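Reviewing the structure listed below.
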Amino acid sequence: MRGVFVCGTDTGAGKTVVAGAVVAGLRAAGRRVAAYKPVVTGLDEPPAPGWPRDHELLAAAAGTRATAVTPHRFGPAVSPHLAAELAGVELDFEAMVLAAGAAAAEAGADVLVVEGVGGLLVPLTAEKTVRDLAAALGFPLLVAARPGLGTISHTLLTLEAARTAALHVPAVVMTPWPEAPSPMEASNRATVARLGAVDVAGLPRLPDGGPASLAAGGAALPLARWLGCAPPAASRRAALPRAALDHEQDDDEDDGDDERDDRDGAGVHKLLLGLGASELRACLQSTPAGRIGMRPIVSRHARRSASGRASAG
């Protein structure tokens, strides 16, 4: 299973347009794609003409139902943790991770596109942020950014926050990228690329949020390269997802790693995305009140890994 996680430098930075373009572009290229966005807020506000709400746009791009894309939907335009509090709902981070794998499995997808909520450090729950979800899934991170004034600092701070969590960022996508960029916009793009040591692409302004327009936008992006890219060998450990770093430590230390896997959730994204739809449904139904116990799942995965190492030895 391949995937990509799309985050923004801020609210309204264009991440839904980028995520939709990725979904529609890959689907137009013949890939089986699933989309997932854990939470949508702001449904009390009317959408712009020609632009569906975030989960509806992603669903149309992926050819599925909006409810299959986003399980949690709230009216107020506030952060997810506050929206849930106002609604008297408790959001479960572990269930969000499981739901991502379920979205891919139930769609029979070979690529999963996950869109975050707001910026990378927006809280999803009282304790967990969008960055935590990205780290748990372990996908490459695409950063959606504005091309105008203020984007240099916002984008570089997002890159720093991502790399602090060992997330690999193959590219920043500035949108809407104008046909004739101003000197400031051209300088912003070049400066982010140079100071951030990252590829910076431009996604033009699209006429609407329909699948055809999104697919045309996605066709202009090097999606295959981003999905299949690997960081240079010299910087591999700095860019590896957290789960992969823990896996490398397994090889180096060999003892006591199962305990750390249970604590940090290392390798969970690989396990979840490898489960079939029926197995994921069984996990979702096996615990009360919709709360998912991930630690037992990780423990079984750790024991199997340890057993495999012992057999190989």
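Looking only at the stretch 175-192, which residues are aliphatic (A, V, I, L, M) and either free of Cβ contacts under 8 Å to residues at least 12 places away in the same chain or touching a helix residue (DSSP H, G or I) at 6+ places or on another chain (Cβ under 6 Å) (or both)? Before you say what the answer is, go through the steps one by one.
First, pick out the residues of the stretch 175-192 that are aliphatic (A, V, I, L, M): 180, 184, 186, 190, 192.
Scanning the stretch 175-192 gives Ala180, Ala186, Ala190, Val192.
Output the number of the condition that Pro47 fails; it satisfies all remaining conditions of (1) in a helix (DSSP H, G or I); (2) farther than 24 Å from Lys128 by Cβ.
(1)
In the stretch 56-92, which residues are surrounded by 15 or more Cβ atoms within 10 Å (Cβ to Cβ), charged (D, E, K, R) and assigned to a loop (DSSP other than H, G, I, E, B)?
Asp92
Quick one: count up the residues across the stretch 118-131 that are in contact (Cβ under 8 Å) with a residue 24 or more places away in the chain and buried (at least 21 other Cβ atoms within 10 Å of the Cβ). I'd like the intermediate steps shown before the answer.
Within the stretch 118-131, the first condition is being in contact (Cβ under 8 Å) with a residue 24 or more places away in the chain, and the residues that meet it are 118-128, 130-131.
With the extra rule that they be buried (at least 21 other Cβ atoms within 10 Å of the Cβ), the set shrinks to 118-120, 124, 130-131.
Number of matching residues: 6.
List every residue pair whose Cβ atoms lie under 8 Å apart, where the two residues are 6 or more positions apart in sequence or sit on different chains, the first residue falls within the stretch 137-160 and is under 17 Å from Leu223 (Cα atoms), and the second residue, located anywhere, is of a type in the set (Phe, Trp, Tyr) and at pLDDT 95 or above.
Once the first residue is under 17 Å from Leu223 (Cα atoms) and sits in the stretch 137-160, its partners that are of a type in the set (Phe, Trp, Tyr) and at pLDDT 95 or above give Phe139/Phe5; Pro140/Phe5; Leu141/Phe5; Leu142/Phe5.
The values are calculated or read from the model by the stated rules, or taken from the named source; none is laboratory data. In this text, all values refer to a predicted model and were calculated from it rather than measured experimentally. In this analysis, Cβ positions are derived from the backbone assuming ideal geometry, glycine residues included, and neighbour counts consider all displayed protein chains.
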